[in-house]
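What follows is a single structure, written as structure tokens, with notes after it.
The values are calculated or read from the model by the stated rules, or taken from the named source; none is laboratory data. Everything numeric in this text was worked out from a predicted model, so none of it was measured. Cβ placement follows ideal geometry from the backbone for every residue including glycine, while neighbour counts extend to all protein chains displayed. To get the accessible areas, we keep the full protein, side chains included, count just its heavy atoms, and leave off ligands, DNA and RNA. Shrake-Rupley method; radii C 1.70, N 1.55, O 1.52, S 1.80 Å.
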Amino acid sequence: MAAAANDGLADEKAPGTIGVGRYEEMEQDGAPSTAKSRLSGLLWHGGSAYDAWFSCASNQVAQVLLTLPYSFSQLGMVSGILFQLFYGLMGSWTAYLISILYVEYRTRKEREKADFRNHVIQWFEVLDGLLGRHWRNVGLAFNCTFLLFGSVIQLIACASNIYYINDRLDKRTWTYIFGACCATTVFIPSFHNYRIWSFLGLVMTTYTAWYLAVASLLHGQVDGVKHSGPTKMVLYFTGATNILYTFGGHAVTVEVMHAMWRPQKFKAIYLMATAYVLTLTLPSAASVYWAFGDELLTHSNALSLLPRTAFRDAAVVLMLVHQFITFGFACTPLYFVWEKLIGLHDCRSLCKRAAARLPVVVPIWFLAIVFPFFGPINSAVGSLLVSFTVYIIPALAHMITYRSAHARENAVEQPPRFVGRWTGTYVINAFVVVWVLVVGFGFGGWASITNFVRQIDTFGLFTKCYQCPTPPIPDASWPFPGGLHNLTLLPPAPAPSPAHFFQHHRHHSGGL
């Protein structure tokens, strides 16, 4: 039954041809194959399962790799490891749910002869088609807000990282510069065109993760290192929500699937991507925390504690490029929403679409300058936005979509046997909703907002250089060698008397 219901998706043609559901990005139909077009296809036009895996893995780890040691200092070693494994599995499960709902929606639409060649399906449209406009509005609000702040975080991370190899400019100035650089992502049409970028992004984060691990082990433990976490409830749940945010990078799942030539192959891709990401996040976070311990509580960027070497500078540069890529990942769905709102989504002119997308970058630029709190902002976004966007809403949507026996019997994809079919799926979904609502949104929201407000009280909004080292105090002895205590102060000269003043005046004026 599921195979028969999947006929719409199965009819999609092979790469290089036009099939129902494939989003054609300003390609010329019937153009002859040349060396240039083949090179473009190799680097630019991706849609395979491997492309999707690179996209998911590259987008998931991103800059949060640098803040996970900070979370370990808040949680402690054992809790940090367990939360990564737990939220990694939970994130993979809800990404699977999103993929099932996408395939269900797309199959129904293709039965109605819908054509998606010049239209990218998005999560809020899936909710609209399956559950109605109220679900669409809620999904659109959470998804757009999360992706907006996800882009903000990437911009903040750019400024935070570059400061460690060039501190002649403050972090706010670097934010201005990288905001302009990241605005160039308006020229990337869709996730279909991230093939080479996704591959390079994953290579870059792999290098950075293993640099953090190896450099920390070679550095060894600092003198008097302490591993006192967890010490406070606020810090504990702040660290937990940062990990919740780490494995909540599947807000772009629908757009990534739509860029695939065979979207139905996506089901296990996110799980495999998560498995690879764990091989990066666990060794790096554990090693840095082992080496520096509680010092990380005041250093949310792990790179700030490692000595400057050519290897560290390389890690910084690679992460900068990767954050540019991830900025595009987070911002591209926002570009699509904006294009649909102003009626330019089906425009075939890349330049017109790029110009129309620019207003989306402006609020991201502004918010990155207002809230430059690298680290704490991740936890706040994780608890308030990620919790609903990629955990609670997908689980509830799946439960309600298949609540009737008729819907379950005619489902495009049946739940796997190892989870207990429909009964097991409902139990897991209910657990996800309750856990994330109570622990992620409830306790996590309280802790992360408390910590976030504390950063505002300490540093203020629009702070020029968040967590920058305090400049050295000038030597008090300069310009008097030996210090001011060796300086002999002369008594002040007596003031002249009035008589002396008049005599002096008469002498110089020649008398009256």
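So here's what we get for this one:
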item: Inter-centroid distance (Cα atoms) of the range 41-82 relative to the range 130-191, Å; result: 16 Å
item: Rh (Kirkwood; distinct C-alpha pairs) - the range 270-396, Å; result: 18.1 Å
item: Along principal axes, Cα extents of the range 118-165, largest first, whole Å; result: 50, 25, 10
item: Positive minus negative residues near residue 219 (Lys, Arg vs Asp, Glu; Cβ under 14 Å); result: 0
item: Pairwise centroid distance, computed over Cα atoms, of the range 241-300 with the range 98-120, Å; result: 28 Å
item: Gyration tensor (Cα) of the range 308-359, equivalent ellipsoid semi-axes in angstrom; result: 34, 10, 7
item: Pairs of alpha carbons in the range 100-210 whose separation is greater than 24 Å (percent); result: 48 percent
item: Solvent-accessible heavy-atom area per residue, rounded to whole Å², over the range 148-200 at 1.4 Å; result: 33 Å²
item: Alpha-carbon radius of gyration plus Dmax, which is the widest Cα pair, for the range 309-464 in Å; result: 21.1, 63
item: Accessible area per residue, Å², the range 365-438 with all protein chains present, probe 1.4 Å; result: 39 Å²
item: Solvent exposure of the range 91-139 as accessible area per residue, Å², 1.4 Å probe; result: 39 Å²
item: Loop GluC sites (Glu not before Pro), the range 43-132, which have at most 16 other Cβ atoms in a 10 Å radius of their Cβ (DSSP); result: 112
item: Cα shape, the range 176-316, gyration tensor, a/c 1.5 rule; result: prolate
item: The range 132-174: trypsin sites (Lys or Arg not before Pro) in DSSP coil with no more than 14 other Cβ atoms inside 10 Å; result: 168
item: Loop-located chymotrypsin sites (Phe, Trp or Tyr not before Pro) in the range 277-331, at most 16 other Cβ atoms within 10 Å (DSSP); result: none
